[in-house]
Amino acid sequence: MEIEREVLAEWDSARRPLLISRLGMRLTPDTKAVLNESGLGLKRYIQRHLGGSVRLVPMKGRGGGAAPVDRTVGIADDELETSYDDRTDAGSHRIDVPQFWGDIWRGFQTALAEGDVRYVVFNAAGNPEVRDVRHDTPPPAGAWPIEPDDLALAPSGEPRPSRAAVYHAIQNWCRRTGVAVERLTFDRAAPAPAGRLDPSGEPSRRPATRSGDRPSFMQGIDLLSRDELARISIPADLVLAMLERSGAR
């Protein structure tokens, strides 16, 4: 049914409930006619006829929302409410997003290329890495797959998903796989290595440094997103000079 499709589409694109007010505006005249004939409001119709597939979320102050039941198993209402909008404004609550490895953060908000499969692996130092391999290639040893449904992709017309959507996508993946969230994050009290995310959940623009060393050019490059990397165009002689001066060669 159209109601279920719209609720599922919102969740798959933004990892958040669809507000009841917005759901009503998206419905076609035919669906609205069915609602009118039922004599029920949209919320009551969902409760009575779609309770097995669509979940109502209180969404305090926003008039309620709807989310797919099968995608939100084990997620409390307050988590779903917070996932809707994590921006700080008057009276709003800001999510405390842990410091994730940049590779992990990008891996949960970047679409997979056709024919690729994505995995999380842990290197010899215990640090997480994300690897995309062709579907017909054996998975890396000890790899944990990231399924397409695990990703938090940007809603239509927006450049990227919200911080909250990416964070909740990672949390949901950890619940499904049994991998502890802490294995993907840094201790806030510890020195932040290259590729970390600052407390806002975005990649830090301050490259990590070794004690007594200048910032590494390659560490700085590692912190850029794929979209940012695609915009870089630097003459080869300048690249060589930067590498020499940063001590990366």
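The values are calculated or read from the model by the stated rules, or taken from the named source; none is laboratory data. Because the structure is predicted, anything quoted here is derived from the model rather than measured. Note that each Cβ is placed from the backbone with ideal geometry, even for glycine, and that neighbours are counted across all protein chains shown.
If the condition is being part of a helix (DSSP H, G or I) and charged (D, E, K, R), then region 1-30 contributes GLU2, GLU4, ARG5, GLU6, GLU10, ASP12, ARG22, ARG26, ASP30.
If you go through region 31-41 one residue at a time, do you hit one that is part of a strand (DSSP E or B) and not charged (D, E, K, R)? Even if it seems obvious, please write down each step before you answer.
Residues of region 31-41 that are part of a strand (DSSP E or B), as a first pass: none.
No, every residue in region 31-41 fails to be part of a strand (DSSP E or B) and not charged (D, E, K, R).
Criterion first (of a type in the set (Val, Ile, Thr), touching a helix residue (DSSP H, G or I) at 6+ places or on another chain (Cβ under 9 Å) and not assigned by TED's automatic domain parsing to the domain that holds PRO161) does VAL34 satisfy it?
On the way: of a type in the set (Val, Ile, Thr): yes; touching a helix residue (DSSP H, G or I) at 6+ places or on another chain (Cβ under 9 Å): yes; not assigned by TED's automatic domain parsing to the domain that holds PRO161: yes.
So VAL34 passes the test.
When ALA125, ALA180, ALA164, ALA141 are checked against the criterion of being of a type in the set (Gly, Ala, Ser) and either surrounded by 15 or more Cβ atoms within 10 Å (Cβ to Cβ) or in contact with a Leu (Cβ under 6 Å, 6 or more places away or on another chain) (or both), ALA164 stands alone in meeting it. Candidates in region 82-109 are the residues that are modelled with pLDDT under 90 and among the β-branched types (Val, Ile, Thr); of these, the one that is surrounded by the fewest Cβ atoms within 10 Å (Cβ to Cβ) is THR88. The set of residues in region 20-77 that are among the polar types (S, T, N, Q), surrounded by 15 or more Cβ atoms within 10 Å (Cβ to Cβ) and touching a residue at least 40 places away in the same chain (Cβ under 8 Å) comprises SER53, THR72. Do we have ARG55 as at pLDDT 90 or above and either of a type in the set (D, E, K, R) or under 23 Å from VAL166 (Cα atoms) (or both) here? It is true that ARG55 is at pLDDT 90 or above and either of a type in the set (D, E, K, R) or under 23 Å from VAL166 (Cα atoms) (or both). Does at least one position in region 160-180 carry a residue that is in a loop (DSSP other than H, G, I, E, B), at pLDDT below 80 and touching a Phe, Trp or Tyr at 6+ places or on another chain (Cβ under 8 Å)? There is no residue in region 160-180 that is in a loop (DSSP other than H, G, I, E, B), at pLDDT below 80 and touching a Phe, Trp or Tyr at 6+ places or on another chain (Cβ under 8 Å).
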